[in-house]
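First the structure, in the form of structure tokens, and then the observations on it.
Just so it is clear, none of the values below were taken in a lab; they were calculated from the coordinates. All values derive from a computational prediction rather than experimental measurement. Reconstructed Cβ throughout: ideal geometry from the backbone, glycine too, with neighbour counts over all protein chains shown.
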């Protein structure tokens, strides 16, 4: 595992991955820009459905069109942050690394696993488009809402973004630990949880759903914590009578649970492994 | 033809190789995606919003049928992935037409989902008050034309995947997001603002989902929808065949 990493070493790793990302961008700029544009278009298309509906009906479920746009801006920003820090090398999708038997590769590196997962995903040049688009949507929504917030509000926004990012990464890790035991069946579970469940459901104001569905969506599958809860809280309407710090508490709980499950799963993995590769290089 | 039927049968059995659990996980995701829409439509109807001439019952039928037939209405064969992982090359070693093999494999792969998800949904949803009886029998030819057009569009995307190489996932993501929105599979065109629906219904994507779904719920103009579907089939199939023939020489697969 090597010596305990220093802050200088950690920042050096981020710089290294930034440099590699820049190299990728410059190696074939046309190709890279095509990828960036396609990613941006698919992200904006994904949130356009709810946006167009709320525009037509001037909002839904007690939120007006600008408040919904603010919520969509938040979900785009959070997914953009996730992409920016965790998209490369499947760092944010640990079930793929675990399920494919690629954790062995990481164990050979002279770095702790957590640092590898943190640094390997960094894509500042080819992965920042959704984050920037999200900021653009937030600006547009704030302009429409006539918001002129003070420093506390901005700090709250930054805090909610960090908590949402932590929730997303935590829930991805938590579900990924199932791949230790069932590598093929759960290889894609982190992508399913992050993109298909949290990503998709975070586009809706969860107040349209009955309470029995709202609670699971702010805990087990924390889609509501990516955008709906923070948007309501930042606009002065905290939902469900919960404290404004609820996302922080849930992020801490998710991470505690995820680390516990990871240790358990890792204990199983070191005994059984995950041999998914044929000698020809194909996975089964 | 017998060989293609056997190919479809193999694809059907292949879908069950990993057991039914992965299939049911996919079905659960479809239901999860459907639930917010159902409550959204209910909420809008309860608030007395103008639903573009559609009733709540029509909207529920539209969204439920869209979820049940998602594989057919937003059709995506595995050909793009096969180009990426090398399996597309295997098709050229079989004594069958390439298009025929891809279509047979895809259609065979639908059967478990139709039997284990769509059919139970069709039996269960009417108990919840969702009307799943087509308002016109023209829905069925429209669905056939939609599937046919879906294959043509898919082959065009395969050509694009071959052309720009090794970014099958990027093409998949952009395509899924755009087609879901522009085809009317997610939101009926009647509910879109800025008269977008009037434009989108004449694009090829509009003939994929919005045409059969609107005929199913009785909100579409039968003659116009079928004419548009026939026209796009007549235009895009020759184009797909031509571009695919040109793309064969560019095909590069490493596997992995």
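Quick notes
- Rounded if a/c under 1.5, otherwise prolate or oblate - the protein assembly as shown, Cα gyration tensor axes: oblate
- Mean Cβ count within 10 Å, highest first, over the residues of peptides B:186-193, A:182-189, B:218-225: B:186-193, A:182-189, B:218-225
- With Cα atoms defining each centre, segment A:32-108 and segment B:19-68 are spaced 22 Å apart in the structure.
- C-alpha center-to-center spacing [segment A:181-228, segment B:191-256] in angstrom: 31 Å
- Once the Cα atoms are used to define both axes, helix B:168-182 deviates from the longest principal axis of chain B by about 30 degrees.
- By the beta-carbon count within 10 Å of each Cβ, the least crowded to most crowded order of B:10, A:142, B:121, A:71, fewest first, is B:10, A:142, B:121, A:71.
- Distribution of pairwise C-alpha distances over chain A, 5 Å bins, in %: 1, 5, 11, 15, 17, 16, 14, 10, 6, 3, 1, 0, 0
- Overall, the ratio between the Cα radius of gyration of segment B:24-70 and 2.2 N^0.38 Å, rounded to two decimals, is 1.23.
- One decimal place: the segment residue B:122-residue B:23 gains 33.9 nm when fully extended, by the rule 0.36 nm per residue minus the C-alpha distance.
- Highest-fluctuation residue, B:45, B:185, B:152 considered, GNM on chain B with Cα pairs under 10 Å: B:45
- With the convex hull drawn around the C-alpha atoms of segment B:164-249, the volume per residue stands at 106 Å³.
- Entry note, chain A: the mean residue ellipticity at 222 nm calculated from DSSP H runs of n ≥ 4, each adding -39500 (n - 2.57), is -20000 deg cm²/dmol after division by the residues and rounding to the nearest 500.
- Between residue B:248 and residue A:114, the FRET efficiency from the beta-carbon distance, with R0 = 41 Å, is close to 0.30.
- Acute angle (nearest 10 degrees) that the helix A:129-145 long axis makes with the longest principal axis of chain A, alpha-carbon atoms: 10 degrees
- Counting only other chain Cβ atoms within 10 Å of each residue's Cβ, the peptide A:29-41 averages 3.
- Nearest-0.05 FRET efficiency for residue A:135 and residue B:115, computed from C-beta distance (R0 45 Å): 0.45
- Look at the alpha carbon pairs under 8 Å that are at least 6 residues apart: their mean separation over the length of chain B gives a relative contact order of 28 percent.
- The eigenvalues of the Cα gyration tensor, multiplied by 5 and square-rooted, give segment B:47-168 an equivalent ellipsoid with semi-axes of 35, 17, 13 Å from largest to smallest.
- Most mobile of B:76, B:93, B:42 in a GNM of chain B (Cα contacts under 10 Å): B:93
- The spread of Cα positions in segment B:2-250, taken along each principal axis and listed from longest to shortest, comes to 59, 40, 33 Å.
- Highest mobility in the GNM of chain B, judged by mean-square fluctuation with C-alpha springs under 10 Å and restricted to B:229, B:87, B:58, is found for B:87.
- Fewest-first ranking of A:17, A:93, A:268, using other Cβ atoms within 10 Å as the exposure measure: A:268, A:17, A:93
- Note on segment B:105-256: along the principal axes its Cα atoms extend 51, 36, 27 Å, ordered by decreasing extent.
- Calculated FRET efficiency for the pair residue A:29/residue B:1, C-beta based, R₀ 60 Å, to 0.05: 0.75
- Helix content alone sets the calculated 222 nm mean residue ellipticity of chain B: runs of n ≥ 4 DSSP H residues at -39500 (n - 2.57) each, divided across all residues, give -21000 deg cm²/dmol.
- Square roots of five times the Cα gyration tensor eigenvalues for segment B:1-85, Å: 36, 15, 12
- Taking only the C-alpha atoms of segment A:129-208, the Rg (one decimal) and the largest Cα-Cα distance, Dmax (whole number), read 16.5, 51 Å.
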